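The values are calculated or read from the model by the stated rules, or taken from the named source; none is laboratory data. Since we're looking at a predicted model, the values are computed, not measured. Cβ atoms come from the backbone with ideal geometry, glycine included; neighbour counts cover every protein chain shown.
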Amino acid sequence: MTAMTEDTTRSTGSVTVLSAALAAAKAEGRAALIGYLPAGFPTFEGGVRALTAMLEGGCDAVEVGLPYSDPVLDGPVIQTADTIALEGGTRTKDVLETIRRVAAGTGKPVLVMSSWNPIDHYGQERFAEGLAAAGGAGAILPELPVEESGEWRAAADARGLGTVFVVAPSSPDARLRIIGRAGSGFVYAASVMGVTGTRTSVGAQAEDLVRRMRAATELPVCVGLGVSDAQQAAEVAAFADGVIVGSAFVKRVLAAPDEDAAVDAVRELAGELAAGVRSSLSGVAE
Amino acid sequence: MSTPVPDPSGYFGAFGGRFIPEALVAAVEQVAEEYEKAKHDPAFTEELARLHAEYTGRPSPLTEAPRFGAHAGGARVFLKREDLNHTGSHKINNVLGQALLTKRMGKTRVIAETGAGQHGVATATAAALFDLDCTVYMGEVDTERQALNVARMRFLGAEVIPVRTGSRTLKDAINDAFRDWVANVDSTHYLFGTAAGPHPFPMLVRDLHRIIGQEARRQITERTGALPDAVVACVGGGSNAMGIFYDFIPDSGVRLYGCEAAGEGLAARHAATLTKGEPGVLHGSRSYLLQDEDGQTLEAHSISAGLDYPGVGPEHSYLKDTGRAEYLPITDAEAMDAMRLLSRTEGIIPAIESSHALAGALKIGRGLGPDATLLVNVSGRGDKDMETAARWFGLLPEDHSDAQKGQ
């Protein structure tokens, strides 16, 4: 919406860092581990520390959630975290600063995941510029269908930012092909029809979707929604290029008595999950 | 206004579109395709017409309100009586059409959001009639202020789920309905209740309510020999207003007024989306939206649960920006006064939602003068609002100390 002024320089994001991390995991013969946590949760500093600990503990990349008032695709766990972050005063600029701190501190790929209106309202060009300047790798925008994504992708592509589309078991092959061409970084395959949250099983739908998506793109295909422990991570890692875990990290933070304990807890979970994605090498879940 | 809206992508000028998760794209496209087939299929159109006549009781009457009109600058005021429809509001028009579509799509369950409970009651009614499972999401705040409608829905066999997230009102009920839909889309149709949401819902809901304006245009022309000077309706999401406006849009001499909820005033808590909002994306489409500088949704407020919504249907944003319609903010107090005035002058108790349109008509009539003719949509009846009204005006014994609040 916001026109760029002519003298605005373009920053360069780090989708290349993301692609390299996914390729490195593949070279090790394993799936990548991607963690999620909203910015500003449990506090601004606590969020930076927790995301950093997740990367140090074994995540190959992280997604930083932009807390939103109406997270229609999120279950109660992540909505609770968003509410805490918003009540703590988290602003869009704080999300970008979180990304900058975590990326600079770890050198690892950091994506943003957001509902559409905060980015639309911030200005698509302006947000892309801010994300690239923060050293972000790209964006996951689950409410932005590929048909509406042209302006964003132009802004992101011009800055070396990935645009990760979410596909669902209900997506027909024809749409998977369109999305496979439009996306960059990786493709996020939703394991089940539903909102975020931990689940006791990750459906067989996920494996079928990964197979169909791979036939439609060269991009890595990572699976999210419902993965909460090492065994599930191992199961998904057996057929996907990456495993995405969100609500389980949020739950650890919510259950922790204080911020130090929360940081330790997410580091520990990252370690367990990292072992899980490696254990599927031998087909034995820990 | 020569190009029909929406365009094939669902845009009304800059507004509308389809901002939804990939998991819902197939379901929303199915609704669009099924509606496109159905509207040219006599099996659908004739069945809907039969239900309108035999079940809803259409056409709804047009009632002249001279004693009320005396307070509106002496203008002739005609009331389109959607309050007399079966279930007590305009909502049944949309619900019957979408219930027929649900059957055509082979789905067995409907879900709905509701604010005042009018859409929930209508949906529960249609679910009973068509043998569909029905779940209604309703903000916890609204279940409290519209307890009678909760009982009505449950009595009709629907499950009512109080929504405890966010502001616990209509917006949050829509969020939870979308969450349900994503998880159960194979069996379930989201019977969306207003002319908002992702394409095709703004068009679909408008079309299913067009009958209000079609009837009213014919009725008022028969009665007065002319078109009205102004058409007035309340706007929350905007379905009753789109329904009565639509067939008057080509009549450039007819002014269209939408009345939105100014709550406690525009400087305080309100739901005046078109007056005070900015364009943004909420619940699947681009439209005016009450939001802060980061694009976070602001909490709306209105005494009327049905207007307590920070968004608005995209076609209203289009009508505002093209100047074809004007939108007036009406406060809680103005609406409640108009509610009482219509009750005492005409013996018609309107819904608090519709009372916003009546309050607008008082202002518009005074501006246009005694030669003017106004058509006002009484979108629903006020039985459900008696507890709120009694408390507002201090009519209950235990409220005696609060009496005179609205005087």
| note | Reported set for region B:27-69 where residues are of a type in the set (Gly, Ala, Ser), touching a strand residue (DSSP E or B) at 6+ places or on another chain (Cβ under 9 Å) and not in a helix (DSSP H, G or I) is B:Ser60, B:Ala65
| message | For region B:277-309, which positions are outside any loop (DSSP other than H, G, I, E, B), within 11 Å of another protein chain (Cβ to nearest Cβ) and under 14 Å from B:Ala173 (Cβ atoms)? | response | B:Leu282, B:Thr297
| message | When you check B:Phe12 against the structure, is it among the aromatic types (Phe, Trp, Tyr), more than 14 Å from chain A (Cβ to nearest Cβ) and closer than 30 Å to B:Gly311 by Cβ, yes or no? | response | yes
| said: What's the number of the only condition in (1) within 12 Å of another protein chain (Cβ to nearest Cβ); (2) assigned to a helix (DSSP H, G or I) that B:Glu315 fails to meet? | reply: (1)
| request: Run B:Leu256 past the list (1) touching a strand residue (DSSP E or B) at 6+ places or on another chain (Cβ under 7 Å); (2) of a type outside the set (Val, Ile, Thr); (3) part of a loop (DSSP other than H, G, I, E, B) and report the number of the one that doesn't hold. | output: (3)
| Of the residues that sit in region A:169-199 and are touching a Leu at 6+ places or on another chain (Cβ under 7 Å), without any contact (Cβ under 8 Å) to a residue 40 or more places away in the chain and under 14 Å from A:Ala215 (Cα atoms), which one is nearest to the other protein chains (Cβ to nearest Cβ)? | A:Val187
| request: Quick one: which helices (runs of 4 or more DSSP H) lie wholly within region B:111-185 and hold at least 2 residues that are more than 21 Å from the chain's Cα centre (by Cα)? | output: B:118-130, B:147-155, B:170-184
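Condition check ((1) free of Cβ contacts under 8 Å to residues at least 60 places away in the same chain; (2) surrounded by 24 or more Cβ atoms within 10 Å (Cβ to Cβ)) across all residues:
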residue	(1), (2)
B:Asp207	no, no
B:Pro228	no, yes
B:Phe245	no, yes
B:Gly253	yes, no
B:Gly263	no, yes
B:Ala267	yes, no
B:Arg286	no, yes
| query | Yes or no: B:His199 of a type outside the set (Gly, Ala, Ser), within 14 Å of chain A (Cβ to nearest Cβ), crowded, with 24+ Cβ neighbours inside 10 Å and on the phi < 0 side of the Ramachandran plot? | reply | yes
| Of all residues in region A:146-170 being over 16 Å from the mean Cα position of the chain (by Cα), modelled with pLDDT of 95 or more and in a loop (DSSP other than H, G, I, E, B), the one that is farthest from A:Met113 (Cα to Cα) | A:Ala158
| task | Can you tell me which residue among B:Glu22, B:Glu36, B:Glu64 is surrounded by fewer than 22 Cβ atoms within 10 Å (Cβ to Cβ) and not assigned by TED's automatic domain parsing to the domain that holds B:Arg223? | result | B:Glu36
| query | Somewhere in region A:101-111, is a residue buried (at least 21 other Cβ atoms within 10 Å of the Cβ), over 20 Å from A:Val263 (Cα atoms) and not charged (D, E, K, R)? | reply | no
| message | With the requirement that a residue be under 14 Å from A:Ser201 (Cα atoms) and either surrounded by fewer than 24 Cβ atoms within 10 Å (Cβ to Cβ) or in contact with a Gly (Cβ under 6 Å, 6 or more places away or on another chain) (or both), what does region A:233-267 give you? | response | A:Ala233, A:Ala234, A:Glu235, A:Val245, A:Ala248
| task | From (1) under 15 Å from the mean Cα position of the chain (by Cα); (2) at pLDDT below 95, pick out the condition that doesn't hold for A:Ala61. | result | (2)
| Restricting attention to region B:15-48, which residues are touching a Ser or Thr at 6+ places or on another chain (Cβ under 6 Å) and at the interface with another protein chain (Cβ under 10 Å from one of its Cβ atoms)? | B:Gly17, B:Glu22, B:Ala23, B:Ala26
